[in-house]
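The values are calculated or read from the model by the stated rules, or taken from the named source; none is laboratory data. Note that the coordinates shown come from a computational prediction; the quantities given were computed from them, not determined experimentally. All Cβ positions, even for glycine, are placed from backbone atoms using ideal geometry, and neighbour counts span all protein chains on display. Ligands, DNA and RNA are excluded from the accessible area calculation, which covers all protein heavy atoms including side chains. Shrake-Rupley method; radii C 1.70, N 1.55, O 1.52, S 1.80 Å.
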Amino acid sequence: MTPGQQVIRQWYKQKSWQQFPFQKEMERTYLAGNSGLLNAPTGSGKTFALFLPFLADFINKHPDYKTRQNNGLQMLWITPLRALTNDIRKAMQEVCDDLGIPWKIATRTGDTPAAEKAALKKKLPEVLLTTPESLHLMLAQKDYPAIFKSLQVLVVDEWHELLGTKRGVQVELGLSKLKVLGIPPEDQSHKTRLKIWGISATIGNLEQAADVLLGNDFPPENIKMVRANVEKKLVIKSIIPENVENYSWAGHIGLKLLPQVMELVAKSKTTLIFTNTRSQSEIWYHAILDNYPEYAGVMAMHHGSLDNELRNWVEAALHAEALKVVVCTSSLDLGVDFRPVDTVIQVGSPKGVARFMQRAGRSGHHPGAISKAYFVPTHSMELLEGAALKQAIKQGIFESRDPMLLAMDVLIQYMVTLAVSEGFKADELFKEVKSTYAFADLTSKEFSQLLDFITNGGKTLAQYDEFLKVEIENGVYKVFSRRVAMRHRLSIGTITSEMSIRVKWLSGGSLGTLEESFISKLKPGNTFWFAGRSLEFVRIKEMSAYVKKSTAKKGLIPSWAGGRMPLSSQLSAVFRDKLDEVAHGIEKDEEVIALKPLFDLQKQLSHLPQSHEFLIESFKSREGHHLLFYPFEGRLVHEGMASLLAYRISRVKPASFSLAMNDYGFELLTDEDVDIEQFLEDADFFSIEGLLDDIQHSLNANEMARRRFRDIAHIGGLVFTGYPGQQVKNKHLQASSSLLFDVFSEYEPDNLLVRQAYNEALAFQLEEFRMRMALQRIVKQNIILKHIDRPTPFAFPIMVDSLGREKLTTETMEDRIGKMARQYGAEGVGIEQNKKQRKPGVTRKKGF
DNA sequence: GACCTGCTGCGGGATG
C-alpha cells in the first residue's frame, strides 16, 4: 500500500465512510491515469470518490507534502452553482485538515470579495472551485497560463446540468485551452497530461456526455465510465381525486386537491411541494395560509424571483428542521443536501422523467433511505401522466441532454476573451476550437468570418469603431483598448435575462424581483401577494418598486413570463403507450382505473386511439368548424404542426384559422367549412416533404429568429447591457439588437449569427426534429376521423386552454369552465357568448 | 375588479 492509499484508508476508517463499490472502482480508474465520466446521484459520496484518489495520487508523487509549500493549482472543480462551490469547499477542507495536509481550498465566483480575488491572483490554492463564467474570467486575465501551469485534474460537477446549454459550450471551450496550456502544438503528450472527469446524474446519453466533455482529440482508450448504480428505493404515488368525472377536465393549479395534499403534509416531518411556476408557488402558499393558518411560521416559499437572502434563510431553516413545508419551484432541484426532507409532492406534470426523479430524490436524501414522491394531477387527463411516469421510471427511461453545436455567439465571446488577455494566433486557436465537440464541424471559412467580425466588424459594421474590437499584431489577435477589455470582462457569460424590477420595503431591505409588465398594472395603494406576504404598492423609483405591509386578505398574485416546457419526448412516448393499453382495455394502473369513466366517455363520444391510429375529431359549433388533432407530442410540436396544417389547408382553400394547443393535441378553428376528408386523402398533408419551406411560410420564422437573435447579440458582445448598477434600458437593448438583425438580414445574408438565430428557433422553439419524427409516425398510422357533437374529454382541455388568458371578463376561470361544460354538455352544440371570448391570445394564434 | 401557467443559472475595471 502506498503512503497515499494509507492516508485515504485511514480517512475512510475514521469517518466510517460507507464504501460503495463504485468508490473503489473510481479510485482504481483514477489512479490508472484515466479520464471520463462518473455517473452518480447527489448524496452518494461522489465528491469524495474523486477527491480522495486525487489526494492519494498527489501524496504518492510528493511524499514531502506536509512541508511542501506553493504547489500551485492542482485541481480545478467546476460547478454550475455558486452555492455548490462553498459546500464542496467545506467538505474538502475538512478532509485536508483531518489528514494534516496544509492546503487551502478556495472558491472563485462572483460572490468572492474583490480582496480575496486579488489574493487568489497572487497566491493560488491547491484546489480551486469555480463556475464556468469565472473560469472564463480567469482566461481573460493577463498571464493566465501561469495560473494553470501545474494543473493536474479538472472536474466538472453536475455536467448534465451544463451539457445541452451554452454554459456547457463555454466549459468545452475553456477545457480546450486548459488541455494545451504550456505544451507546444507539435507535442502530442498533452492529450493525457490533464485528467478530466465529469460527474453526471443519469441521463439518456451518458456516453455522449463523456465525449462532449473530453473533446474530439482525447485518446478513446483513456476514457472510462464509472457507474455508481446506487440502489435508490423510490415510491411514487398519484393522488387520485375522489371522483375523476367531477374533477377538472382542464386547469393547471390543482388546488382542488389541497386537502389531500395537506393530509400528507401533516403525516410527514418535512415536505417539499414542487410547483411548475413561480406564480403557482405563490398561489399554493397563499391557499395553505388561508385554509391551514396553523402552518404560519413553519412554512416557507422558494423560487427564482425571491431574494437570495430569503432563499438562503429557507435553506438554512430546512437544514435546522425548523420548517414543516416548503412550496417551491425547480430552484430547489439542484444542490444543497436536504437531509430532513421525507416527502416530496409534485403538483402538476413534471413534464419529464429525469426532472421528476431529481425531485423525488430530494426526499430520503441519504444512502439507503427510501424516497417518497407524490404526484398531484391538476386536471383529469394529467393523471395518466402519473401512470406514464411510473412506467418510465420502472423501465429506466431518461431524457437526453443534447449538446449544443456551433454556437457562434459563445465562440465569438471566447475569442475576444483570449484577445483581452494573452492574445491568440489564428491557426492555433482554430485547431483547439475544432477539438471541441461543439465546433468539430466548424469550417475554416466560418472561422475566418468570425475573425473578420471581431477585427473589422464583418461586412456590414466595418465603419463603426464600436465593433472593431480586436487588432492583429505580429500575427497575434489582441485587444489593446482598455475600455473594450473592461466592457468585455463585464459581459462574460451566456445567461441573459429580462429586465426586472426589484421589490423593496419602504423601510429598507429587498424581497425579490418582479416583471415590469406586472408592476405597470399596479396603482399606488393596490395590494398584491408576493413572497408569501400581502403588500401594498407605494411607488416606483429607479427600477425599484417600493412596498409596505398590507393587511388586505386579497390581492393580485404576480406572474412571470418564462420558458414553456413541453412534455418531454420520452415521457410523451410512454404516455402514448399507456393510452394504447387503455384502448386495448388493459387496466392495471390505479390511475387508469380511476380514469375509466372518462375514457368510456371518450370512447362513446368519439374514439380511443390505439398506437397505430391517429385520431382527428371534427365538430361544428356556432363558433365555426373545429378540427382537433391528437399527436400527444408536447405543446411546442403541436404549435408548429397546427400552423403547418393550417397553412397546407389554406394553400388549397383560403381560410382563416385560429389555433389552440396543449401537450396532448391541437385545434384548428375556422369560420369556413373545411372538407377535411379531402385533405386526409392527400398523401402530402402530413408529409415531411417541403417541411422547412412550409414552416417558413406558415410561421413567422422571422419574428422567432429575431427574438432568438436578441440573446445571441448579447452573448456575442454586439450589444452592451451597461455597467453594473446603471443598466441600459431594456427597450434600447431590444431596439439595437433588432436593428442589427435587420441590417444583417438585408446586407449580409450569410451572417453566421443570423443563421444561428434561425437554427435555434427551429431547434428549440419548434422542436423541428421532433416534429419531423411525429409526422413520419402519423403518416404510417391509420387516420380515424370522428365527427362529434360536443367536445370530448380529449378536446375539452384544449378548447379551455384558449380561454385561459382571456382577461376582459370578471368571471373566474372556474365559472367559465363550468359554463362551458354546461353549455356544451347540456345544450349540445354552440355557444354564442364564447365567440367573443375567443380572441387570439398567447396560445390561440391567428392563422391565415 | 382582477390569480388562473410557464423553471433554473452567472457575472461585473483599475492606480501610485
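Of note:
- Rg over Rh, two decimals, the range A:219-315 (C-alpha only, Kirkwood Rh): 1.13
- Scattering curve values for the range A:234-395, log₁₀ I(q)/I(0), Debye with Cα scatterers, q = 0.10 Å⁻¹: -0.33
- Accessible area of chain A divided out per residue, in Å², using a probe of 1.4 angstrom: 43 Å²
- For A:Ser621, distant residues with modelled amide H under 5 Å away: A:His626
- Rounded to whole Hz, the Karplus (6.51, -1.76, 1.60) HN-Hα couplings of the range A:216-228, x for glycine and proline: 7, 9, 7, x, x, 5, 9, 9, 10, 10, 10, 10, 6
- Computed accessible area, A:His319, all protein chains, 1.4 angstrom probe, square angstrom: 90 Å²
- Helical contribution to [θ] at 222 nm, DSSP H n ≥ 4, -39,500 (n - 2.57), averaged over chain A, rounded to 500: -13000 deg cm²/dmol
- Pairwise Cα separations in the range A:3-227 fall into 5 Å bins from 0 onward with the following percentages, short to long: 1, 6, 15, 19, 22, 18, 12, 5, 1, 0.
- Distance from the range A:3-52 to the range A:122-150 (C-alpha centre basis), Å: 26 Å
- Computed from the C-beta positions of A:Lys123 and A:Lys66 and an R0 of 22 Å, the FRET efficiency is 0.75 to the nearest 0.05.
- Modelled spin-label separation between A:Glu263 and A:Glu116, with each label point placed 7 Å from Cα along the Cα-to-Cβ direction: 4.8 nm.
- Modelled FRET efficiency - R0 25 Å, A:Gln781 with A:Arg651, Cβ distances, 0.05 increments: 0.60
- Per DSSP, loop GluC sites (Glu not before Pro) in the range A:204-282 with at most 11 further Cβ within 10 Å: A:Glu231, A:Glu242
- For the range A:329-455, the residue among A:Gly396, A:Thr329, A:Ser421 whose Cα projects farthest onto the positive side of the dipole built from Cβ charges is A:Gly396.
- Under 13 Å, Cβ to Cβ, from A:Ala322 - net charge with Lys/Arg +1 and Asp/Glu -1: 0
- Computed over the range A:1-135, the percent of Cα pairs more than 17 Å apart is 61.
- In nm, spacing of pseudo-spin labels at A:Lys431 and A:Met543 (7 Å Cα→C-beta vector): 4.4 nm
- From phi via Karplus (6.51, -1.76, 1.60), per-residue ³J(HN,Hα) for the range A:6-15 in Hz, x at Gly/Pro: 4, 4, 5, 4, 4, 5, 3, 5, 3, 8
- Computed over every Cα-Cα pair of chain A and binned at 20 Å starting from 0, the pair-distance distribution P(r) comes out as 14, 43, 36, 7, 0 percent.
- Accessible surface, 1.4 Å probe, highest first, among residues A:Thr527, A:Thr343: A:Thr527, A:Thr343
- The range A:55-99 - Rg over Rh from alpha carbon coordinates, Kirkwood radius: 1.02
- When both bridge partners sit in chain A, DSSP labels roughly 40% of those beta bridges antiparallel.
- Counting only protein heavy atoms and a probe of 1.4 Å, the accessible surface of chain A is 51% carbon and sulfur.
- The range A:205-236-the range A:736-803 distance, computed between alpha-carbon centres (Å): 33 Å
- For the range A:500-549, the convex hull drawn through the C-alpha positions has a volume of 65 cubic angstrom per residue.
- Less than 5 angstrom separates the built amide H of A:Ser534 from those of A:Ser550, all sequence-distant by 5 or more or on a different chain.
- The range A:366-438 and the range A:527-549 have their alpha-carbon centroids 36 Å apart.
- Computed over the alpha-carbon atoms, the range A:595-645 gives an Rg to Rh ratio of 1.01, Rh here being the Kirkwood radius from the mean inverse distance.
- Amide H contacts under 5 Å for A:Ser305, placed H, 5+ residues apart: none
- Sites A:Lys603 and A:Asp684 - FRET efficiency at Förster radius 30 Å, r taken between beta-carbons, to 0.05: 0.45
- Between helix A:21-31 and chain A: long-axis angle, C-alpha atoms, 0 to 90°, nearest 10: 40 degrees
- Computed about its Cα centre, the charge dipole of chain A is approximately 2780 debye, with only Lys, Arg, Asp and Glu carrying charge at their Cβ.
- Table column - 3J(HN,Hα) (Hz), the range A:401-418, Karplus curve with 6.51, -1.76, 1.60, x for Gly and Pro: 10, 7, x, 7, 10, 6, 7, 5, 4, 5, 5, 4, 4, 5, 4, 5, 4, 5
- Summed residue charge, Cβ within 13 Å of A:Arg68's Cβ, Lys/Arg positive, Asp/Glu negative: 0
- Bins of 10 Å from zero: percent of alpha-carbon pairs in the range A:83-132: 25, 54, 20, 0
- With 0.36 nm allotted per residue and the present C-alpha distance subtracted, the A:Trp313-A:Ala561 stretch has 86.7 nm of extension available.
- For the range A:606-701: span of alpha carbons on each principal axis (Å, largest first): 34, 31, 25
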